[in-house]
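For reference, the structure is listed below as structure tokens.
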């Protein structure tokens, strides 16, 4: 619901009242504000509030609006098939960075795609395509793992990863997957415990596909044979199934199908949410409870 500015101002002023019977209904009414009005509420927070209680109550209102927005966006996305991974990534980013838009991501990813497209030609092997993507993302643009601050929540917010060029295994993989699929290179996520990786999945259609720059023609879901695996966190290192099995054994993990097979976009989003939750938990950030609420709903 879009609230009029005068109404917002009046309700915010009521948050300073000592009487719970007055400030609680005001908070409940403010929580009905549209997500697009977060900026207005933040302005009140920054410029017009001096009372500690009033500030805390308005901060809680803003968090409530953001978390309900995220839950609704993700559930609608999931219930309609979860096809557009970028849509869900945008919704997650907006929880901490409300000004981020879907178009922002489109422009950033298109620029990366164009750099790779200029290097592509039609007779490339699967390995050669990956070699080009590795060069563009990890050498030309300098994306790398954030080893100095691995547990920071910004490693899971893709807009910050695009800005700082540092991330964790799944955030770097998401960028890699989105760029690759825009070029019709069939790379998908693999939900390996502790360390997210990717798989190059080829079938007769993708093997002969010659559309690199105009439109995405491959499916969002993997179909075909896994040619090899890719580790975005170490600059795009390529390895085979036997090497993956050894890694799983070295990690003392029980072998499960999801550790070696491509996962869905919904799996990716769930894991990003878990990473954010664990990061907030590690740093004693109270937003951990809010993210847990999203995970439970999702």
Elements of type helices (runs of 4 or more DSSP H) contained in region 1-114, each with 3 or more residues being within 17 Å of residue 290 (Cα to Cα) and at pLDDT 90 or above: 52-79, 85-96
Which condition breaks for residue 43 when tested against (1) in contact (Cβ under 8 Å) with a residue 24 or more places away in the chain; (2) outside the structural domain of residue 221 (by TED's automatic domain parsing)? (1)
Listed residues 235, 224; which is more than 19 Å from the chain's Cα centre (by Cα), in contact (Cβ under 8 Å) with a residue 40 or more places away in the chain and in the same structural domain as residue 89 (by TED's automatic domain parsing)? 235
Which residues, taken from region 72-83, are touching a residue at least 60 places away in the same chain (Cβ under 8 Å) and surrounded by fewer than 19 Cβ atoms within 10 Å (Cβ to Cβ)? 75, 78, 83
Every residue in region 210-245 that is modelled with pLDDT under 80 and crowded, with 17+ Cβ neighbours inside 10 Å, please. 212, 218, 222
Selection from region 128-139 of residues out of contact with any strand residue (DSSP E or B) (no Cβ under 7 Å at 6 or more places or on another chain) and either under 30 Å from residue 274 (Cβ atoms) or exposed (fewer than 14 other Cβ atoms within 10 Å of the Cβ) (or both) yields 128, 133, 134, 136, 137, 139
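The values are calculated or read from the model by the stated rules, or taken from the named source; none is laboratory data. In this text, all values refer to a predicted model and were calculated from it rather than measured experimentally. Quick reminder, even Gly has a Cβ in these numbers, built from the backbone with ideal geometry, and neighbours come from all protein chains shown.
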